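What follows draws every value from the coordinates through simple rules; no lab data is involved. Treat the numbers as computed from the prediction; the structure is a model and nothing was measured. Quick reminder, even Gly has a Cβ in these numbers, built from the backbone with ideal geometry, and neighbours come from all protein chains shown.
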Amino acid sequence: MMRQNLKKVEHIKQDESMKMFPYAFGLNNSSGNSAKRPKPKLVYLLLFTLVSSCFVFAPHLFYFPYPSALFLIDSSIKEIEDRVSQNITEPPKPSKNDSSIKEIKNQVSQNITEPPKPSKPEESISCDRTGYRSDICFMKGDIRTHSPSSSIFLYTSSDDHVSQEIIKPYTRKWETSIMDTIGELKLVKLSGDKHSCQVTHEVPAVLFSTGGYTGNLYHEFNDGLIPLFITSKRYNRKVVFVIAEYHKWWEMKYGDVISQLSDYPLIDFTKDKRTHCFKEAIVGLKIHGELTVDPSQMQDDRTTITEFKNLLDQAYRPRINVLDAAEERRFKGKAAKRRNAKKPKLALFSRTGSRAITNEDQMVKLAQRIGFQVEVLRPDKTTELAKIYRVLNSSTVMVGVHGAAMTHFLFMKPGGVFIQIIPLGTDWAAETYYGEPAKKLGLDYIGYKILPRESSLYEQYDKNDPILRDPRSITQKGWQFTKGIYLTKQQVRLDLRRFKKILSDAYAKSNR
C-alpha cells in the first residue's frame, strides 16, 4: 500500500511540473494529452536562464562560513578608510602569523652580541683612618710613583681639582714618639702632564714602612709580617711590595717568608728613583691585634693565625730539609732514628743581662731529671730563623722569660706547651703580647708568675716597698717606669721546688 501511495505522489508531482514548465518537457499547453519530442533550442534557452539565475540569487540563497576574497578586500579597504577618518595612527593589531615572525626576529637579535659600551675606568683614592693602630689608603687608576718627592700620583681623565692625602704607612699609629720617626707619603690625585712609566706592573702594589721598631723580633712580626700577611693575602702572591725605609738585612732575614707572600722582587721606594706604574695600590697595612689574625676581619672569614703558622712552615721547610740531610750525613744515617727515639724535647730560651735566669743550669738539670731532652737556645740578630724554627717545631715544650724572644711561640706546633716566666711588673704585657696570642694558635699556655723573693729586686728594695708589694701601682705611672725598673733592672732566680710542678705537668701533657 505504502509503495503504491509513493508512486501516485511521484506521478502527481510529475504532472504538476509538466503543467508549470510545458516547454521544458516538450509539451504544448493546448494539448497536454500527447507527448512530443522536445525542441533543442528551447532546452538550451532554459539551461542558460537557470545558470544566470544562480549567479544572481546565490548570495541570497546560500550561506558560506568563510568570506570570499572580494569580501576581505572590501572589508580591509573600509577599515583603512575608517582609521584615516578617525586619525588613528597606531598600526593594526598583528595577526598570529605576524607575532610568530616578530618572535623569530627577537630571538635572532638576542643572539647577536653587541660589544658593550666602554665604561669609565675607576679613578679614586680612599683612606680609612678609623683604626686605632693604623691608617690605610686604597688607590685605583693610573698610579705612578715619584720617590724624590715621597709621592704617589694618581692621574685622572677629568679636570677635577688637585686633592692630596698624607699617610705614614706604619702600624703603631697611637705611639706619637715612634710615628714621629716614620716618613710621610703624599698620595696626590691630579690631571695633566704625567711622569712617563719606566716600569709597568700588571699586578697591584702594597706599600709599607720597615722603620719604627724594626730590629726587635716581636715588632718585626707584630707590626710588619703578620699585618703584611693580612693585607696581601687576597692577592695570592700576585702583588709587588714597595718598602719605605728599606733595610737589606730585613730582606735577607725574612726573604723566605716574603717569597710566600709575593712572586715579585721587593722595591726600595727611597733608592729606586724610577717611575713605577700600577693600576691598584694599598698604602699602609691592616693590623688586627697582638700577634694575631682575626678571621671576622678577613675577606674569606676563615683565615686565622694558624694559616700564618702554616705559611712559616712552607717558608722554612726547604731549608729544614737541607739541615736534616746534613745531619743525616754527619751521623751516618742514624739522625732520623735518634730523633724518633729521643725523649720529649724542651726548648729553653736563655737570656743574659736583664731578666736572665740566674740559676738556669739547675733548672736545666731539673728538667732533664723529669725526663726532658733540653735544648738551650741563645739566638742573636744573625741567627738563621730556619734553624730556630727547626728546633721549636720539633719541641713539645718551650720555656722562656717574658721578652721579645717569646715571639718564637709562633714556630711551635699547635698542641705544644708554652711556659712563660713572668717577672714582677710584667703581668699585663706578658699575657697581652704572648699569652693570649699563644692560646689562639692552639698552644697550651702556662704563665708562671714569680714571687717577690724570686726577683733580684727583692734584694734591692724593702719588702713593703710598692715595687715589690704592689707593682701595678708603679706600672700605672707609665712605660718609662715599667721599663726602667722591671725590664732593665730585674733578673730571676727560680724557686725550683715551685717550678718543678710546672715542668712535671708539662711533661705529662707532652706524653699524652
- Message: Starting from the 7 Å offset along Cα-to-Cβ, what nm value, one decimal, do you get for the label separation of GLN460 and SER191?
- Response: 6.6 nm
- Message: If I take the Cα coordinates of region 210-280 and project them onto the principal axes, what are the three extents in Å, biggest first?
- Response: 33, 27, 18
- Taking only Cα atoms of region 198-331, radius of gyration then Dmax in Å: 16.1, 54
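Can you list the trypsin sites (Lys or Arg not before Pro) in region 427-487 that are in a DSSP coil and have 12 or fewer other beta carbons within 10 angstrom?
On the way: sites: LYS439, LYS440, LYS449, ARG453, LYS463, ARG469, ARG472, LYS477, LYS483; in loops: LYS463, LYS477.
When the trypsin sites (Lys or Arg not before Pro) of region 427-487 are filtered for loop state and at most 12 Cβ neighbours within 10 Å, LYS463, LYS477 remain.
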- Averaging sequence separations of C-alpha pairs under 8 Å and six or more residues apart, then dividing by the length of region 180-291, give the relative contact order as a whole percent. 41 percent
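Ranked from highest to lowest mean number of other Cβ atoms within 10 Å per residue, what is the order of the peptides 486-499, 181-194?
Values: 486-499: 16.8, 181-194: 15.3.
The peptides rank, most packed first, as 486-499, 181-194.
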- Environment charge of LYS449, counting only residues whose C-beta is closer than 12 Å and scoring Lys/Arg +1, Asp/Glu -1: -3
- Query: Quick one: of the DSSP bridges fully inside region 159-252, what percent are antiparallel, nearest 5?
  - Reply: 50 percent
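Could the peptides 223-235, 156-168, 129-141 be put in order, highest first, of the mean number of other beta-carbon atoms found within 10 Å of their residues?
Details: 223-235: 21.6, 156-168: 13.2, 129-141: 17.2.
Result, highest mean Cβ count within 10 Å first: 223-235, 129-141, 156-168.
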- Item | Estimated FRET transfer efficiency (PHE138, LYS343; beta-carbon r; R0 56 Å; 0.05) | 0.60
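At 0.36 nm per residue, and after removing the present C-alpha to C-alpha distance, how many nm does the segment from ASP505 to THR488 gain when stretched out fully? Display every interim value, and only then the final one.
On the way: separation 17, 0.36 × 17 = 6.12 nm, distance 3.07 nm.
That works out to 3.0 nm of additional length.
Which peptide among 402-413, 268-279 comes first, and what is the full order, when sorted by highest mean count of other Cβ atoms within 10 Å?
Details: 402-413: 21.4, 268-279: 17.2.
Taking the mean over residues of other Cβ atoms within 10 Å, the ranking is 402-413, 268-279.
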- Query: Cross-link list LYS342/LYS365; LYS343/LYS413; LYS342/LYS509; LYS342/LYS381: which exceed 20 angstrom alpha carbon to alpha carbon?
  - Reply: LYS342/LYS381
- Query: Say each of GLU436 and SER296 gets a label point 7 Å from the Cα, pointing the same way as Cα to Cβ; how far apart are those two points in nm?
  - Reply: 1.3 nm
- Message: Quick check: net charge around LEU392, other residues with Cβ under 12 Å of its Cβ, Lys/Arg +1 and Asp/Glu -1?
- Response: +3
